[in-house]
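Only one structure is covered here, and it is reproduced in the block below.
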Amino acid sequence: MSTDTTASVSTHILDTSAGRPAGGVAVRLSARPGRQAAWQALGGSATDADGRCKDLPSLPEGTTHVRLDFAVEPYFGEDGGAGVFFPEVAVTFAVVPGEHYHVPLLLSPFGYSVYRGS
């Protein structure tokens, strides 16, 4: 939940090649308090059976940029995802205090798309 001094982030993944949510994908969250600042790893989670991460860490006060790192290669197969073109997806975006940012990932073995959801 966001406050007047922090932003909040949520995400979910839809596997467009299978037409279903992508469960079990590891997601890491990082933040920084300005364009030139170093990234601070905040922790992570994994998507549930509905493709959602419901327990991402809170953002620290002063966060201006957020990065979500999705480890998608293992999701596409026990062989480490042989044939997967994008083994991981990193999404970086700017935030402002008091706003909530829902960032869905639409995923297939050979492409992906992200957008600011609601």
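General observations
- Condition check for Val84: part of a loop (DSSP other than H, G, I, E, B), of a type in the set (Val, Ile, Thr), closer than 14 Å to Ser8 by Cβ and in contact (Cβ under 8 Å) with a residue 12 or more places away in the chain: no
- Checked against the criterion of being of a type outside the set (Asp, Glu), in contact with a helix residue (DSSP H, G or I) (Cβ under 6 Å, 6 or more places away or on another chain) and surrounded by 15 or more Cβ atoms within 10 Å (Cβ to Cβ), the candidates Val84, Val72 yield just one match: Val84.
- Which listed residue is within 13 Å of the chain's Cα centre (by Cα) and either at negative phi or of a type in the set (D, E, K, R) (or both), from Leu59, Leu68: Leu68
- Of the residues screened, Gly23 is not one that is surrounded by 13 or more Cβ atoms within 10 Å (Cβ to Cβ), not in a loop (DSSP other than H, G, I, E, B) and not hydroxyl-bearing (Ser, Thr, Tyr).
- Ser10, sole failed condition from (1) touching a Gly at 6+ places or on another chain (Cβ under 9 Å); (2) farther than 21 Å from Arg116 by Cβ; (3) surrounded by fewer than 17 Cβ atoms within 10 Å (Cβ to Cβ): (2)
- Restricting attention to the range 79-118 and to residues that are over 15 Å from the mean Cα position of the chain (by Cα) and of a type in the set (Gly, Ala, Ser), the residue that is modelled with the lowest pLDDT turns out to be Gly80.
- Of all residue pairs spaced 6 or more apart or on separate chains, those with beta-carbon atoms under 8 Å, a first member in the range 14-43 that is on the phi < 0 side of the Ramachandran plot and a second member that is exposed (fewer than 13 other Cβ atoms within 10 Å of the Cβ) and basic (Lys, Arg) are Leu14/Arg20.
The values are calculated or read from the model by the stated rules, or taken from the named source; none is laboratory data. Just so it is clear, the model here is predicted, and its values are computed rather than measured. Quick reminder, even Gly has a Cβ in these numbers, built from the backbone with ideal geometry, and neighbours come from all protein chains shown.
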